[in-house]
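Okay, structure first, notes after.
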Protein chains: 2
Amino acid sequence: MTPDDFQNGPITITAYDWVPDFAQGFVRDLRLRWALEEASFPYQVEILAQGTQTGPANLARQPFGQIPTLTVGRQTMFESGACAWRIAEASDELLPRGSAERDACFCWLFGALDSLEEPINTVAFLRLFAEDKEAAQKLEGQALAMLRGRLSRLADALGERSFLVADRFTIADLMVTFVLRSAAAADDLDPFPSLKAYVEQHSARPAFRRALEGQMKPFRENATKYEAAA
Amino acid sequence: MTPDDFQNGPITITAYDWVPDFAQGFVRDLRLRWALEEASFPYQVEILAQGTQTGPANLARQPFGQIPTLTVGRQTMFESGACAWRIAEASDELLPRGSAERDACFCWLFGALDSLEEPINTVAFLRLFAEDKEAAQKLEGQALAMLRGRLSRLADALGERSFLVADRFTIADLMVTFVLRSAAAADDLDPFPSLKAYVEQHSARPAFRRALEGQMKPFRENATKYEAAA
């Protein structure tokens, strides 16, 4: 999947027709929507009805039965981190030109997904998904302390800056902002005012607002159907 | 960091002088050692004494105060996923030539780190790191069921094959094998004989055995010092 392929298109991503409230605005197709909006690449969205993601058609392109996928021309990729990087490589809006700065963005992409999102998800598992709420509550403090350790390092690395790399918005800021949004929504960024400001600044970008509205629209349209079934 | 840079060298990674028993053979510098051994790139290892990883010298190159980093010539990268990919790009031993196959390897790299390692680490947190063992035990079944869901999809995607992409060993197999090793060591692959065989096959590769010995050697040499202090 080369930069030229993105110029030729067509570009299609997959997304859900609806998700429960807590996930709305946080589903991972939003990462690709945001990157595509920043890059001004026109794209289509194939909307999957809940339940069909684990059917054979989607499993053939997404081995874990999830969304999103990214199809450009005749090639399809899965994993939002991999797809987001290919979009970034195709656009000057998301990556600087210099090799060292591109490498730094690449490192931060993994930093977002592996060093930051993982402890954020552990806390979210304990708060939202654990069936034994009482047991989960007993572990939350420890998981939160681990998360705060990571956030503290990130705050030190960012310092007073608004951007992680090259003094401009890049795919690094896009992905770090995205994963931090969950922590911000749970008030876990309150001890880190610079990170809170960083998330607020970047999630106010017009491209993000368009991407978010794109994800939310089908959720509104299909709410009645799913809420009636619940 | 280009393929040419790897030819010119020098290549240096960082690793620890010692870690506790449960982590020995699983620290992430092993990912880079393995990739470098497969690629036959000569490399040096800068060994960090425990405790110095969060000092200013290491924080300047690794914002989360961890290992490994990868330095090639004058450029340094962090995050083992990012570093492993750059090594792979520089060697025909780890990536096929075709663009679609390289993209598939890239997707699986993220699949390993984000779709597989995360649930493996959640189970490991509950079993090994949670301070409230009783509470952790109550959540283990649920976390294990989530992990088994992912492993089941992986087993379906792999089928009877030995390799994920292009019918040959690639960075995709290296990283998926690496993250599955923790699950195998905890007997969590027992319900998935094809995955167990996959891990056994790839971790028997001579390059992996050399890499593992490279990680373990300083642990043996420094054991007395740290165990006396414990």
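Quick rundown of the values:
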quantity: Charge-dipole axis of the protein assembly as shown as Lys and Arg at +1 and Asp and Glu at -1 on Cβ define it, positive-most pick from B:S162, A:A155, A:A135; calculated: B:S162
quantity: Trypsin sites (Lys or Arg not before Pro) restricted to the range A:19-75 and DSSP loop, no more than 15 other C-beta within 10 Å; calculated: A:R61, A:R74
quantity: Gaussian network model of chain B, Cα within-10 Å springs - most flexible of B:K133, B:K217, B:K196; calculated: B:K133
quantity: Whole-Hz couplings from phi, Karplus 6.51/-1.76/1.60, listed for the range B:62-71; x for Gly and Pro; calculated: 9, x, 9, x, 10, 10, x, 10, 10, 10
quantity: Label point 7 Å beyond Cα along the C-beta direction, distances from A:E160 to other copies (nm, shortest first); calculated: 6.6
quantity: Shielding of A:56-67 by partner chains, average beta-carbon count, 10 Å; calculated: 3
quantity: Filtered GluC sites (Glu not before Pro), the range A:81-173: DSSP coil and at most 12 other beta carbons within 10 Å; calculated: A:E131, A:E160
quantity: Shielding by partners - mean other protein chain Cβ count within 10 Å, residues of B:135-142; calculated: 6
quantity: Long-range amide H partners of A:Y16 with built H, under 5 Å; calculated: A:L48
quantity: In Hz, Karplus ³J(HN,Hα) per residue of the range A:149-159 (6.51, -1.76, 1.60; θ = phi - 60°; x = Gly, Pro); calculated: x, 5, 5, 5, 5, 4, 4, 5, 5, 6, x
quantity: About the Cα centre, charge dipole magnitude for chain B (Lys/Arg +1, Asp/Glu -1 at Cβ), debye; calculated: 160
quantity: Dipole in debye (nearest 20) - the protein assembly as shown, about Cα centre, beta carbon charges: Lys, Arg +1; Asp, Glu -1; calculated: 120
quantity: Positive dipole terminus of the range B:38-130, leading residue within B:A84, B:P63, B:T122 (C-beta point charges); calculated: B:P63
quantity: Chain A: calculated mean residue ellipticity at 222 nm from DSSP helix runs of at least 4, using -39500 (n - 2.57); calculated: -17500 deg cm²/dmol
quantity: Proportion of all alpha-carbon pairs of chain B beyond 27 Å (%); calculated: 36
quantity: Beta carbon of chain A nearest to the axis of the rotation taking A to B, residue and angstrom distance; calculated: A:A135, 2
quantity: Fraction of beta bridges assigned by DSSP in chain A that are antiparallel (%, nearest 5); calculated: 60
quantity: Shortest-first distances to equivalent copies, position B:A145, nm, label 7 Å out along Cβ; calculated: 3.0
quantity: Count, lysine Cα pairs under 23 Å in the protein assembly as shown, 8 or more residues apart or across chains; calculated: 6
quantity: Other-copy label distances relative to B:R74, 7 angstrom Cα-Cβ extension, nm; calculated: 4.5
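Where a number appears in this text, it was derived from the coordinates with a stated rule and is not lab data. The model shown is predicted, which means the values in this text are computed figures rather than measured ones. No Cβ is skipped: glycine too gets one built from the backbone with ideal geometry, and neighbour counts run over all protein chains shown.
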